[in-house]
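The values are calculated or read from the model by the stated rules, or taken from the named source; none is laboratory data. Keep in mind it's a predicted model, so treat the numbers as computed, not measured. Positions of Cβ are backbone-derived with ideal geometry, glycine not excepted, and every protein chain shown enters the neighbour counts. Areas reflect the complete protein model, heavy atoms only, side chains present, ligands, DNA and RNA absent. Shrake-Rupley method; radii C 1.70, N 1.55, O 1.52, S 1.80 Å.
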Amino acid sequence: MLRITDARTGEPIDAVPARRSLTRVEAHVERDDLSALRVLLVADVLARTLELGGTPVVTVADPPPELRARADALGIRRAEGDRSGAGPALHVLAPDATPGSSFLR
């Protein structure tokens, strides 16, 4: 079981419920800098780790074109642009970002 730290509480939690349902990994990038590139990388690694455990995953992000090109050059898997969908969502954001109400669904 993959455990992550809940940014709201600081407590470790299971990344996905015991039932293997489709999970969205949402990468929130707003700028074209190294922090944003790191967010895309972490989201990709998290999605791949969940997939290794048998969880179906869709990665969601809408990075600027320049950032997407940098991520492509590093082999970071492309994400879809649509943030809607069923199932739980794991949000990946830069350390200086503040989770807003749009993250809490």
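On the basis of being part of a loop (DSSP other than H, G, I, E, B), without any contact (Cβ under 8 Å) to a residue 12 or more places away in the chain and within 24 Å of ASP96 (Cα to Cα), does GLY10 make the cut? In short, yes.
Hey, among ARG24, ARG77, ARG31, ARG68, which residue is outside any helix (DSSP H, G or I), of a type in the set (Lys, Arg) and open to solvent by less than 70 Å² (accessible area, probe 1.4 Å)? Exactly one of ARG24, ARG77, ARG31, ARG68 is outside any helix (DSSP H, G or I), of a type in the set (Lys, Arg) and open to solvent by less than 70 Å² (accessible area, probe 1.4 Å), namely ARG24. Assess whether ALA61 counts as being surrounded by 15 or more Cβ atoms within 10 Å (Cβ to Cβ) and either under 14 Å from HIS91 (Cβ atoms) or of a type in the set (Gly, Ala, Ser) (or both). So ALA61 fits the description; yes.
Looking across the range 41-56 at every residue that is open to solvent by 30 Å² or more (accessible area, probe 1.4 Å) and in contact with a helix residue (DSSP H, G or I) (Cβ under 9 Å, 6 or more places away or on another chain), the one that is modelled with the lowest pLDDT is identified as PRO56.
Against the definition (over 15 Å from ALA89 (Cβ atoms), under 16 Å from the mean Cα position of the chain (by Cα) and loosely packed, with under 11 Cβ neighbours inside 10 Å), how does ARG38 come out, yes or no? Criteria not met by ARG38. Pairs linking a residue in the range 31-49 that is under 11 Å from LEU67 (Cα atoms) and in contact (Cβ under 8 Å) with a residue 40 or more places away in the chain to a residue that is part of a helix (DSSP H, G or I) and of a type outside the set (Gly, Ala, Ser), with Cβ atoms under 7 Å and 6 or more positions apart or on different chains, are ALA36/LEU67. In the set ALA27, ALA89, only one residue is touching a Lys or Arg at 6+ places or on another chain (Cβ under 6 Å) and at pLDDT 80 or above; that residue is ALA89.
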